[in-house]
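Working notes, structure below.
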Amino acid sequence: MDPRVKGGETAGKTRDGLQGSRSYLRGLTKPRRRLSRAKPLPKDPFASKDTDSNASLRVDDEISHLLHCYGWSLGDNLELTSLRSSPHKGAMPRTWGWAHFFCAASIVGCSLIPTPAIAGRRPFLLAYDSEIIPEGDVELEQWLWSESKIPARPRIPARYWVYWSPVIALSNHLELYLPVQWVATSTSANLETLSAELRYRIFPREHEGGFQALIHAAIHQAVFFRAAPSSADLGLVATYGSPNQLHLMANFGVQAALPWPEHMARPILLEYAAGAAHPLFSTELRLAVEFDGEIGLRATQETIGRHFLGGAIAWSRGRVWITAGFLFGLTGLSELTPRYMPRLIWAVAF
Amino acid sequence: MGSRLLVFGLLAALAPASLAAEGSVHGTVRLFTVNEAGQRVPKPDASSVVVYLIGFNQPAPADLPRISQKNKTFIPDILPIVVGQTVEFTNDDNIIHNVFSTSKARIFDLGKPRAGESRRVKFDQTGLVDVYCDIHEQMIATILVLPNRAFTLTGADGSFSLKGVPPGHYSLFAWSRAANPARAEVDILPGQDTGATLELTETKFNLTHLGKYGQPYRKQPDYPP
């Protein structure tokens, strides 16, 4: 692994910090001149705060605790970089123009192909649903989401996550996820966790509609453990109604940090959600609204929470399904909630 | 004790009366096909045409119809049922099948159960449900989800008989996979047998279809056992 990527030792904040970071992520070496002017970052991203001489990078105890409690990642730099417009603005390379054209044409073409509609697997953004994939099938699922700044904690930067997982249906009750998750800020990107998750649907998947229940259990092994501790979670999902009609959902789950590394806090996180989805025009398209919440319990019995309310649109056709939406942080209800959380989930079946 | 006897007595007295109040339909479906010269000719075997009445509802019977997958074939390949009934799909082959339907009346995908395993699907909406296998293109079955029990399959000579039909004015249909359905209006009178003749002409011989994701089937050797 390229140590510069892991530790961000040389990929620092440039005059156009995001540009330099993105180029770096693409594995390009050209921004070297820019990087030479980069603001130096701590050599060891896991070094203790006491040895960090850069005051702007220092994390105070309160924020550090919150990060661990919620699994937030700061990357290596707390200072936020503003997004700048592309230097190519107004002069987009011709290849990009054609790429956009082909992309748009592909979308239009796909929408015109007379393929049967298979109900989207997941109309909700954060909450679980009770649907699982058919026995013996394999899907590849990707989640992309970000959290904006927290009004009450302006020093915590916006963060971005990428989640990839194969989904293997072991039976018509049980499916297995093996996800890999990356976390990034505007100046760094890190492999955050490796996980394994089982989802067990109590009634077989061919019995759709009515009351359905699903139990999920996961273990998350932290890789970039400065961002979040390893953890395990367990949850129950209840739904009512066919996916192709009004579909109601409720979630309740518990996440606990594992006792490694020893020096980390061991908070318990209670998670809960409720929502509803309904087809729009056809079963290919579904609209959903959801409320998501979580409360972190500390040893001192102090509770800190995050709450979101938002909506999503889910589209499915053939072997592909996509769900995209926006969650708004209920900052008035819990001040540690980010203001926005846009999220995109898509999957392709093999 | 006396009241119970009274109830049983009333039921015993009413039962023959209600049976007598029902009517029946009998008749023949004349099945034609088109020969190589494009001429319409009678088909010698007119069996497996579904004849059914539309216009009244009845509850689903308690029995469990079964469709087997055997020798890469659905058995039976045509199954009329009453709405609300459950059908059991059993893999009686030594190879894997993936039974699915994308019909609007009931979308389902049973995955790939192992040999000998069964899956049950309930049909809550009337309509025509085409059932396929995502692995073996040649496997085709059709389930007709009907509103009542007044249905039957024709014999080889095309004859049919529907009994126990409540009196009324109904539409009588004859359905075959390769033909457009035929329709006739019938009046069922209490205790009387009504006659009807229907004609079907087979014109749909192309039974190609798409896989469960809307993809054409790939030409492939037999799926390994």
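The values are calculated or read from the model by the stated rules, or taken from the named source; none is laboratory data. Fair warning: this is a prediction, and the values are worked out from it, not measured in the lab. Don't worry about glycine lacking a Cβ; one is built from the backbone with ideal geometry, like all the others, and counts go over all protein chains shown. Quick note on the areas: whole protein, heavy atoms, side chains included, nothing else; ligands and nucleic acids left out. Shrake-Rupley method; radii C 1.70, N 1.55, O 1.52, S 1.80 Å.
I'd like the Karplus ³J(HN,Hα) series for region B:90-98: coefficients 6.51, -1.76, 1.60, θ = phi - 60°, whole numbers in Hz, and an x wherever there's a Gly or Pro. Going residue by residue, I get 10, 7, 9, 9, 9, 10, 7, 10, 10 Hz, with x marking Gly and Pro.
Determine the sum of side-chain charges near A:Q221: Lys and Arg each +1, Asp and Glu each -1, restricted to other residues whose C-beta is under 14 angstrom from that of A:Q221. Intermediate values should be presented prior to the final figure.
On the way: positive: none; negative: A:E192, A:E197, A:D233.
Once all neighbours under 14 Å are counted, the net charge is -3.
Hey, if we sort A:E294, A:E192 by accessible area with the 1.4 Å probe, largest down, what's the order? Please report the intermediate quantities before stating the final value.
Details: A:E294 30, A:E192 5 Å².
Accessible-area ranking of A:E294, A:E192, largest first: A:E294, A:E192.
B:T142 contributes an accessible area of around 0 Å² to the protein surface, as traced by a 1.4 Å probe with all chains present.
Local charge sum around A:D292 (other residues, Cβ-Cβ under 12 Å, Lys/Arg +1, Asp/Glu -1)? Mind showing how you got there, number by number?
Details: positive: A:R306, A:R343; negative: A:E271, A:E290, A:E294.
Overall, the nearby charge balance is -1.
Positive end of the dipole of chain B (Cβ unit charges, origin at the Cα centre): among B:P76, B:P166, B:V29, the Cα lying farthest that way belongs to B:P76. In percent, rounded to a whole number, the relative contact order of chain B is 29, using alpha-carbon pairs under 8 Å and six or more apart. This model, with +1 at the C-beta of Lys and Arg and -1 at the C-beta of Asp and Glu, gives chain B a dipole about its Cα centre of some 480 debye. Proximity of backbone amide H atoms, modeled 1.01 Å from N, is registered between B:H136 and B:N98 at under 5 Å, excluding neighbours fewer than 5 places apart on the same chain.
Residues whose amide H comes within less than 5 Å of that of B:R30, counting only those at least five positions distant or on another chain, are B:L198, B:E199, B:L200 (H built at 1.01 Å from N in the peptide plane). Along its first, second and third principal axes, ordered by size, chain B spans 70, 54, 26 Å in Cα coordinates. Between 0 and 90 degrees, the angle of helix B:2-21 with respect to the longest Cα principal axis of chain B falls at about 70 degrees.
Of the cross-linked pairs B:K112/B:K204; B:K163/B:K204; B:K122/B:K212; B:K70/B:K112; B:K112/B:K219; B:K43/B:K219, which ones have a Cα-Cα span greater than 25 Å in the structure shown? Numbers along the way, then the final one.
Numbers: B:K112/B:K204 30 Å; B:K163/B:K204 31 Å; B:K122/B:K212 19 Å; B:K70/B:K112 15 Å; B:K112/B:K219 20 Å; B:K43/B:K219 32 Å.
Long pairs (Cα-Cα over 25 Å): B:K112/B:K204; B:K163/B:K204; B:K43/B:K219.
Using a Förster distance of 41 Å, how high is the FRET efficiency between A:V348 and B:R183, based on the Cβ-Cβ distance and rounded to 0.05?
Values: r = 44 Å, r/R0 = 1.07.
The computed FRET efficiency comes out at 0.40.
In order along region A:132-147, phi translates into HN-Hα couplings of 10, 7, x, 3, x, 8, 10, 10, 10, 10, 10, 10, 10, 7, 9, 10 Hz, rounded to whole numbers, per the Karplus curve 6.51 cos²θ - 1.76 cosθ + 1.60 with θ = phi - 60° and x for Gly and Pro. Dipole magnitude for region A:165-249: computed about the Cα centre from +1 point charges on Lys and Arg Cβ and -1 point charges on Asp and Glu Cβ, it is near 80 debye.
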